[in-house]
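Everything below concerns the one structure shown next.
The values are calculated or read from the model by the stated rules, or taken from the named source; none is laboratory data. Since we're looking at a predicted model, the values are computed, not measured. Note that each Cβ is placed from the backbone with ideal geometry, even for glycine, and that neighbours are counted across all protein chains shown.
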Amino acid sequence: MLRSARVDVNDLGSIIGWLAGQWWAWAVVGVIVLIVVVLWLLPDAKVKPSDAYPTTGTEANEIALGFLQIHNLPSGPWNDPTASGLTDRERKQLVDQWGIHSRDDWLANIERLVEDRRRRDLWVSLLGVRAELARSLGRPPRTKEWVAGIIEAGGDKRTAKTFVAAVESIEHETRKTAGKGAVPADVIATSFDGYAFGQAVALTTWGVHIGYGDVDEARTIIRRVNDAARPAFGSWAEFGLSYTVGRVMHWSDGNLTDKTFEKLGSSTALDLGAALSEKREGPWATLAWTR
């Protein structure tokens, strides 16, 4: 049985000898430090489009509306209308998850997203108060102003406080995660429609992959989605914030915990930052919101 070396703490030579003998421990520490340094020094990954489809012009601009949902799966490069990145397993999961067992199912789901937009009447009214206050004040309303506006409009005080706190919390986490300056402070969510619009574009490309339509038809559908979406937002940042907040609120039912954003919004906010980053060659950094 091997005995561990004894160290005389009063003898410098003994201490140095002992440390030198622990080479394996220092090797492990060295590897860990190297990994941390490399990750810290590496530049953020570039957003890679497909070489087979345009990255500029109207077609690229319109399909870019689906960037966040396309990356969320992911189903391929953001500018690929055929969702070429889908595996057979993912395709089957999409069919079951969305209930798109036929071409009619596919078209009906897109129509639902564009027209109904996953809206909940109460949330629409509460966000409407915020939008109206922003117009009248010429700036985003403060928390107390928004809550007071809801109560003045006949809303319940407790409901108002809970909803406002949830939306503002998600916005705060989204700005922080997306990166400094990605979503300006004066950009706020006044609707959650961005989530449905983004899904509609992605769903259109998934249908092409499944075989329910071709690229030309997909381009036509995506144009119609954009016709409905563009007037509702003033910028890519506003649209992306609406998508992110809408996604978190939809899947959490507005009941947030400490882990809700990490689970439902963190990866989306990271994608939002990438989409808006010129350094990372994100499409939203170069494509104009106004087509």
Notebook entry, point to check: Which ones in segment 110-122 are surrounded by 12 or more Cβ atoms within 10 Å (Cβ to Cβ), in a loop (DSSP other than H, G, I, E, B) and out of contact with any helix residue (DSSP H, G or I) (no Cβ under 7 Å at 6 or more places or on another chain)?
Noted result: ARG119, ARG120
Next item on the list: Select from segment 111-153 the residues that are out of contact with any His (no Cβ under 7 Å at 6 or more places or on another chain) and basic (Lys, Arg) and list them in ascending order.
Entry: ARG112, ARG117, ARG119, ARG120, ARG130, ARG135, ARG139, ARG142, LYS144
Next item on the list: Sort through ARG175, ARG142, ARG130 and tell me the only one that's more than 29 Å from ASN72 (Cβ to Cβ), modelled with pLDDT of 95 or more and not small (Gly, Ala, Ser).
Entry: ARG142
Next item on the list: Scan segment 270-280 and give yes if some residue there is under 16 Å from GLU62 (Cα atoms), assigned to a helix (DSSP H, G or I) and in contact (Cβ under 8 Å) with a residue 40 or more places away in the chain, otherwise no.
Entry: yes
Note to self: I need the full set of residues from segment 123-161 which are within 23 Å of PHE239 (Cα to Cα), β-branched (Val, Ile, Thr) and either surrounded by fewer than 17 Cβ atoms within 10 Å (Cβ to Cβ) or in contact (Cβ under 8 Å) with a residue 60 or more places away in the chain (or both), in order please.
What the structure shows: VAL124, THR143
Next item on the list: State whether one or more residues within segment 216-224 are part of a loop (DSSP other than H, G, I, E, B), surrounded by fewer than 18 Cβ atoms within 10 Å (Cβ to Cβ), free of Cβ contacts under 8 Å to residues at least 24 places away in the same chain and not hydroxyl-bearing (Ser, Thr, Tyr).
Entry: no
Checklist line | Complete set of residues in segment 175-196 that are within 15 Å of THR268 (Cα to Cα) and not in a loop (DSSP other than H, G, I, E, B) | finding: ARG175, LYS176, THR177, ALA178, GLY194, TYR195, ALA196
Notebook entry, point to check: Under the condition of being without any contact (Cβ under 8 Å) to a residue 40 or more places away in the chain and in contact with a Pro (Cβ under 7 Å, 6 or more places away or on another chain), which residue from segment 58-94 is surrounded by the most Cβ atoms within 10 Å (Cβ to Cβ)?
Noted result: PRO77
Next item on the list: Give segment 61-109 a look and list any residue that's assigned to a loop (DSSP other than H, G, I, E, B), in contact with a Gly (Cβ under 8 Å, 6 or more places away or on another chain), on the phi < 0 side of the Ramachandran plot and at pLDDT 95 or above, or say none.
Entry: PRO77, TRP78, THR82, SER84, GLY85, LEU86, ILE100
Item checked: In segment 191-210, the residues that are over 16 Å from GLY85 (Cβ atoms) and either surrounded by fewer than 24 Cβ atoms within 10 Å (Cβ to Cβ) or more than 17 Å from the chain's Cα centre (by Cα) (or both) -> SER191
